[in-house]
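Q: Take a look at this one; I'll ask things after.
The values are calculated or read from the model by the stated rules, or taken from the named source; none is laboratory data. Keep in mind that what you see is a predicted model, and the values were worked out from it rather than measured. Cβ placement follows ideal geometry from the backbone for every residue including glycine, while neighbour counts extend to all protein chains displayed. Note: accessible area is taken over every heavy atom of the protein model, side chains too, but ligands, DNA and RNA are not part of it. Shrake-Rupley method; radii C 1.70, N 1.55, O 1.52, S 1.80 Å.
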Amino acid sequence: MSNIGSYEERYKDFTWSVAEKELEFQPGKPLNIGWYCSDRICARGKGDKTALVWESASGAAKTYTYHDVRRLSNTFAVFLQGLGLKPQDRICLFMDKIPELYIGLLGIFKMGGIAQPLFSAFGDESLFVRLDNAQTSAVITQKKHAPKVRKILDKLPNLKHIIIVDHDGKAPLKDRDVAFSLEKADPVETFDAYPSEAETPSLLHYTSGTTGQPKGVKHVHYSLISQYMTARWVLDIRDDDIYWCTADPGWVTGTSYGIIAPWSLGVTQCVMDAGFSAEAWYKFIEKHRITNWYSAPTAIRSLMKAGDEIVKKFDLSSLRQLASVGEPLNPEAVIWSERVFGKAFLDTYFQTETGSIMITNYPDMKIKPGSMGKPFPGIRATVLDPKTYEPYAETGKIGLIGIRPGWPAMMRTYWNNEETYRKKFQNGWYMTGDRASIDKEGYFWFVGRDDDIINTGGHLVSPFEVESALLEHPAIAESAVVSKPDPINMEVVKAFVTLKPGFTPSADLDLEIMNFIRKKLSPLAMPQEITFSDALPKTRSGKIMRRILKAKEWGEEIGDTSTLEND
Ligand code: WT7
């Protein structure tokens, strides 16, 4: 029997006080995620249990007990305080998936800072807009990523420290650099965590918008309540489990379910800091006897592509619970996983803004491959008529997914952008921006996004950001960016550009532009294909019509072109 047991029974009269009681949290009392994820586990007699098993691509391996995580996050917190960093200062984590990232997050929470995790593959421009927007005080990073921070230092007067966690102490430190070694620092055995309350801000995750720069989604310490409960009931994590979340903490899944949820449950979690390889992944599962595995559709499709034969080379019998998030999980992937692993991946749905799983499948509930399942207990989700923002009276109609506000992990605002935050609500519903339908049995079926944002391999990319970056290339006059279908990543970035006089299309220029975007933004945002055009379709008012370009890529009807200028 799973942790949740009967979904219907749990849904009926659920309140979040169920989770509050399990976590012994009393409303009005302090709540610090850093304390919950380490000190509390130790206080419950599990200090010697393994908290983290870490492996890198080069074969390096480390393990940490809960006592280690408690002590080292204290050490981190004291070091940050020593630099003069104060509660509510924004402190960015800009690292690969190394132990310092995981332990550093708790360290920031413990001294009351607001953690701002950023994907380590981000280029200087992606980094700049986010650090500038958050007015970040310090960046914690590695030697290899520090040059990207230094490049933009002059434009960031508020950024006081670049903390380098792998500095050998020998090479001279550059402007605003400070070296910190978790291994060499004096261990701090006891530390009074900052007495944050439920509504104290904890984390800023940046997410791409359709127009304008990325938005900083503000989360608070109370998010723990829903992250803990969903991990218990959806991911079905139990005390003796070995858990592996493949997500990077630069994104919400990697913090909510790759750090906070597992450690608040006191479970052993494994981290692999390496790129994708089917062989390496299966080996990792076999070696560590992984029981619960939380991954993403693109990875699952890549595993499918690697074939069934390779699966047989490994003993994967430890696997008990599989789940997926971030993009549509196609029915074939569900059926395939059931065949080769003997377990179906449960499709789960949420967003950076929702902070925790909203609509999902459950261990003991019938799976309909291709469906995202049903709302989590305590979550009221529905499909709204896009004209009236009222729930449809009949089932099966496609509309907008709306969720009644008020669950613990919901974003509290967009950083410095209350106006955009307010626009996310209609008729009392939080609007996810996704389209879906609900069937007669209450299962949700994802249809697509209601905006131009590109979801490539589970990562959102804003066409606006890529278009703006393209315009900074000396050869480019105009740009339009849309998605294009892809068998593994579902969608990839495709750019249409017109060139300035004096430039001619060539394979070299094509490559040069791709690299330009990869370096400036990230490998995810890099166009996989560039089409050089003489003109881009525009409305009479001069707005480039992405819709037309996108429809062509997807072989869809172009629709209404009555406002088109140059057809
Ligand atoms: C968007 C949120 C959730 C953590 C990682 C992404 C899409 C998410 C699913 C799913 C279809 C999904 C939605 C959503 N999405 N999960 N199970 N099926 N689409 O967080 O970067 O904020 O992206 O990802 O479009 O709005 P995010």
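Q: Pull up all non-local amide H partners of residue 522: gap of 5 or more, or a different chain, and H-to-H distance under 5 Å with H placed in the peptide plane.
A: Under 5 Å from the amide H of residue 522 lie the amide H atoms of 123, each far enough along the sequence or on another chain.
Q: Leaving out ligands and nucleic acids, note down the accessible area per residue over the chain with a 1.4 angstrom probe, in whole Å².
A: Values: 22710 Å² over 567 residues.
Computed with neighbouring chains in place, this is 40 Å² per residue.
Q: What share of Cα pairs, in percent, lie more than 17 angstrom apart in region 37-144? Write out the running numbers ahead of the final one.
A: Numbers: 3288 of 5778 pairs.
In whole percent, the long-distance tail amounts to 57.
Q: Would you kindly work out the equivalent ellipsoid of region 454-554 from its C-alpha gyration tensor and give its semi-axes, the square roots of five times the eigenvalues, largest first in whole Å? It would help to have the intermediate numbers written out before the result.
A: Numbers: eigenvalues 79, 58, 28 Å².
The equivalent ellipsoid of region 454-554 has semi-axes of 20, 17, 12 Å.
Q: Express as a percent, rounded to the nearest 5, the fraction of DSSP beta bridges in the chain (both residues included) that run antiparallel.
A: Counting only bridges with both partners in the chain, antiparallel ones make up about 55 percent.
Q: Separate question: Hey, got a sec? Which GluC sites (Glu not before Pro) in region 1-88 land in a DSSP loop and have at most 10 other Cβ atoms within 10 Å?
A: Loop-located and lightly packed - 24.
Q: Next question. Please name which of 468, 511, 487 has its Cα lying farthest along the dipole of region 454-554 towards the positive end, using unit charges on Cβ (Lys, Arg +1; Asp, Glu -1) and the Cα centre as origin.
A: 468
Q: Which one of 2, 139, 212 has its Cα pushed farthest toward the positive end of the charge dipole of the chain, where Lys and Arg give +1 and Asp and Glu give -1 at the Cβ?
A: 139
Q: Where a Cα-Cα gap under 15 Å defines reach, which aspartates and glutamates qualify for residue 184, not counting those fewer than 8 residues away within the same chain?
A: Of all the aspartates and glutamates, those that pass the test against residue 184 - Cα under 15 Å, at least 8 places apart if same chain - are 68, 100, 166, 168.
Q: Tally up the carbon and sulfur contribution to the accessible surface of region 76-127 as a whole percent, 1.4 Å probe, everything protein left in place. Kindly include the intermediate steps, with their values, before the conclusion.
A: Working: 500 of 940 Å².
After summing per-atom areas, the C and S share lands at 54 percent.
Q: Tell me which aspartates and glutamates have Cα within less than 15 Å of residue 29's Cα, excluding those fewer than 8 residues away on the same chain?
A: Within the straight-line limit of under 15 Å, residue 29 reaches these aspartates and glutamates: 20, 192, 197, 199.
Q: Follow-up question, since we're still on this one. Translational diffusion coefficient, Stokes-Einstein: compute it for region 175-251 using the Kirkwood radius over C-alpha pairs as Rh, at 25 °C and 0.890 mPa s, and state it as an integer in µm² s⁻¹. Please report the intermediate quantities before stating the final value.
A: Details: Rh = 16.8 Å.
Answer, rounded: 146 µm²/s.
Q: Let me ask another. Taking the Cα atoms of the chain, report the difference between the largest and smallest coordinate on each principal axis, in whole Å and largest first.
A: Sorted from largest, the Cα extents of the chain read 71, 64, 52 Å.
Q: Could you tell me which of the pairs 21/46; 215/538; 218/494; 366/440; 148/305; 148/423 are separated by over 24 angstrom between their Cα atoms in the structure shown?
A: Table pairs above 24 Å Cα-Cα are 215/538; 218/494; 148/305; 148/423.
Q: Charges only on Cβ, +1 for Lys and Arg, -1 for Asp and Glu: so what's the dipole of the chain about the Cα centre, in debye to the nearest 20? Mind showing how you got there, number by number?
A: Numbers: 68 positive and 72 negative charges, 143 e Å.
The calculation lands at about 680 debye.
Q: Moving on to the next point. Residue-wise, which Karplus ³J(HN,Hα) couplings in Hz belong to region 162-167, taking 6.51 cos²θ - 1.76 cosθ + 1.60, θ = phi - 60°, and x for glycine or proline?
A: After applying 6.51 cos²θ - 1.76 cosθ + 1.60, I find 10, 8, 9, 8, 10, 6 Hz.
Q: Can you show me the helix-derived [θ] at 222 nm for the chain, built from DSSP H runs with n ≥ 4 at -39,500 (n - 2.57) apiece and divided by the number of residues, rounded to the nearest 500. Don't skip to the answer; put the middle values down first.
A: Numbers: 18 runs with 152 residues, N = 567.
That comes out to -7500 deg cm²/dmol.
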